[in-house]
Amino acid sequence: MESIYREQILDHYKYPRHKGELDPADRSFAADNPLCGDRIRIDLRLADERVIEANFSGEGCAISQAAASMLMELVQGKTLAEVRQINREDVLEMLGIELSAARLKCALLSLKVLKVGAYGLQEWVED
């Protein structure tokens, strides 16, 4: 079963979904993992507190990029309230493989970036 998940991860890494910046975007935030060099930016376009478009950009390992790609598919059409409810277990379930502590940070970087954007905290963080 784990090989199916590995294939899915490689597919999202090689052929990422929703990759590229949105201009204009209603919410944008970026962060990096300095330990491994992963960098993720997430842009959200909203209508009535619902994600009508979500894209990511950045670079990094297969795990970080695949997790971001999968997460962008997941949030399309969801309300910000629903996006705020997505948690680490949801991301780990999507990936479907055991991860070391270092790879866990890679997998969860896009979730961290998404949460900051979904809560609208970027203004507070950047000040």
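In the chain, the longest principal axis of the Cα atoms and the axis of helix 62-75 are about 50 degrees apart. Residues of the chain were split at every exposed loop site, defined as GluC sites (Glu not before Pro) in a DSSP loop with at most 15 other C-beta atoms within 10 angstrom, and the longest piece left, sites excluded, is 50-97.
Against the compact-protein benchmark of 2.2 N^0.38 Å, the Cα-based radius of gyration of the range 2-119 scales to 0.97. Quick one: compute the contact order of the range 2-119, relative version, from alpha carbon pairs under 8 angstrom and 6+ residues apart, as a percent. So the answer I get is 31 percent. With neighbours defined as other Cβ atoms within 10 Å of a residue's Cβ, the residues Cys106, Cys61, Cys36 order from fewest to most as Cys36, Cys61, Cys106.
Every number here is computed from the coordinates shown, using simple stated rules; none is lab data. From a predicted model like this one, the values you see are computed outputs, not experimental measurements. Please note: Cβ atoms are built from the backbone with ideal geometry, for glycine as well, and neighbour counts cover all protein chains shown.
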